[in-house]
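Have a look at the structure below before the remarks.
Derivation of every value follows stated rules applied to the coordinates shown; laboratory data play no part. These figures come from a predicted structure and were not determined experimentally. Note that we place each Cβ from the backbone using ideal geometry, even for glycine, and neighbour counts take in every protein chain shown.
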Amino acid sequence: MVSSKSKNIFIIPARSGSKGIKNKNTKLISGIEMFVWSIIHAKFLSNKNDLIIVTSDSKKYLQIAEKWGATPFLRSPELSGDKVFTEPVMLDVLKEIEAPANDKVILLQPTSPLRSKKTLNIIKGHLNKNVNSLLTVKHTYQFEWEKKQSFGIPLYNKRPRRQDMRGSFIENGSVYMNSVDNFFMNNNRVDKKAILVSSSEIESIEADNIEELEIIKSLSGKFNKQWKKEVIGNKKINTLVLDIDGVFASNIKKTNSNERNYSTQDSNALTNFIKSGGNVFLISSEKEIHSQKLFKKIGIKNFKFNSSNKLADVKKYLDGMKINYENVCFVGNDIQDLECIKFFNCSATPIDSNPKVKMESKIQLEAEGGNGAVLEMLRLLKL
């Protein structure tokens, strides 16, 4: 056991020079750089005095890390090659910060961006109990064989029933924890005696090749809904930019109707937001929307129709109003909104949005467009 006064040091290694997948660690997963998910997860695990450190050879990566609340650590060129093991990188950090022996060092691999709150809560419980070492594993029940010359030989004498198998535990490469003194003694991310924390099949997918990366992208939208509040964090949003069709109003393309339906709860939520000092800007690629009386009744004074370049038009409005882009949340649903979804740090899509747009969105809402999506977004933002 380590002292109760110890703190946790979270280390996230994010090298820029990946050969298999170029700039792998900054590939967007649900609209967020892949290594940033490990920062979000480390924040969830951390206590007040803990350290979250991103070590990288890229100043750009470190700027992103700092923006998300992590401590940047620029590693040396000697530790930036593709043949360097993770342990020397961790050792470099621990020596530089003069980590006390009774602290705990937790490694979060950025190539495992799918971690559930259920699994992390189990890890958090172990951290609070001051265990010496742990790692995440996948519990598998498989019939193992080995190859000898040109033949396969089973590693069992009598084929067991699957339900009778004890199974085996395989490292999934997601989370490792060791005490600092054990790390210095053994130069290993995990001790020989460690707590095993079982993770699901989805959580055990690592982005080591293009195929796995695409699987992670396809699963991330639904899986990462649990992290909506953490993604928003403490963002000081004072401006909401909304597409009209499919967000504030029902999607007329899907309903095959010329009439747009607006939710009373969405309208009331926007009225209260504007009365409290918030800004709302509506934008549409449609030539004209005959709902301007409703907009004015709500208190919306700024809207743009017939937009052929939504990002340019939104920037023009924000610049004219001298609104910082960091204080903006954009909600869209269609391909025309994709540039804005990617550009703004706070972006969201209703549940019935275009799949490609949803994949790039930071937040996927539970409500449909025109039926509570705006209210849900404002509640998430606590506005």
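Please report, in whole Å³, the volume per residue of the convex hull around the C-alpha atoms of segment 8-222.
163 Å³
Taking amide H positions as placed 1.01 Å from N in the peptide plane, with prolines and chain starts having none, which residues 5 or more places from Asn279, or on another chain, fall under 5 Å of its amide H?
For Asn279, whose amide H was placed from the backbone, the distant partners under 5 Å are Thr239, Leu240.
Ignoring everything except DSSP H segments at least 4 long, calculate the 222 nm mean residue ellipticity for the chain; use -39,500 (n - 2.57) per segment, divide by total residues, nearest 500.
About -9000 deg cm²/dmol.
Can you find, among Asn268, Val175, Ile232, the residue sitting farthest towards the positive end of the charge dipole of the chain, where Lys and Arg contribute +1 and Asp and Glu -1 at Cβ?
Going by the charge dipole, the pick is Asn268.
Determine the relative contact order of the chain: mean sequence separation of Cα pairs under 8 Å and six or more apart, normalised by residue count, in whole percent.
16 percent
For semi-axes √(5λ) of the Cα gyration tensor in Å, pick the label among [x] 36, 23, 18; [y] 44, 25, 19; [z] 38, 26, 22 that corresponds to the value derived from the coordinates.
For semi-axes √(5λ) of the Cα gyration tensor in Å, the calculated option is [y].
Could you please state, rounded to a whole Å, how far the C-alpha centre of segment 315-364 is from the C-alpha centre of segment 78-114?
Computed from Cα coordinates, the inter-centre distance equals 35 Å.
Angle between the Cα long axis of helix 310-321 and the longest principal axis of the chain, 0 to 90 degrees, nearest 10?
Approximately 70 degrees, to the nearest 10.
Going by Cβ distance under 4.7 Å, what cysteines of the chain have no possible disulfide partner?
Cys340
Of all DSSP beta bridges located in the chain, what percent are antiparallel, nearest 5?
Counting only bridges with both partners in the chain, antiparallel ones make up about 35 percent.
Please go through segment 313-344 and write out the trypsin sites (Lys or Arg not before Pro) that DSSP classes as loop and that have at most 10 other C-beta atoms within 10 Å.
Loop-located and lightly packed - Lys322.
For segment 301-383, take N as its residue count and report Rg(C-alpha) divided by 2.2 N^0.38 Å.
Segment 301-383 yields a ratio of 1.06.
So what are the three principal axis dimensions of segment 234-380 from its Cα atoms, in whole Å, longest to shortest?
So the extents along the principal axes, rounded to whole Å, are 38, 34, 29.
Quick one: longest stretch of the chain between exposed loop chymotrypsin sites (Phe, Trp or Tyr not before Pro), exposed meaning at most 15 other C-beta atoms within 10 Å and loop per DSSP?
For chymotrypsin sites (Phe, Trp or Tyr not before Pro) (loop position, at most 15 other Cβ atoms within 10 Å), the longest site-free span of the chain is 157-304.
Tabulate in residue order the Karplus-calculated ³J(HN,Hα) for segment 102-111, using 6.51 cos²θ - 1.76 cosθ + 1.60 with θ = phi - 60°, rounded to whole Hz; enter x for Gly and Pro.
Taking θ as phi minus 60°, the curve returns 8, 6, 10, 10, 10, 9, 10, 6, x, 7 Hz for segment 102-111.
Quick one: which residues, 5+ away or cross-chain, put their amide H under 5 Å from the amide H of Phe10? H built at 1.01 Å from N.
Amide H to amide H, under 5 Å and 5 or more residues apart or across chains, Phe10 pairs with Leu51, Ile52, Ile53, Ile106.
Calculate the dipole size of segment 197-317 relative to its Cα centre from +1 charges on Lys and Arg beta carbons and -1 charges on Asp and Glu beta carbons; express the result in debye to the nearest 20.
1160 debye
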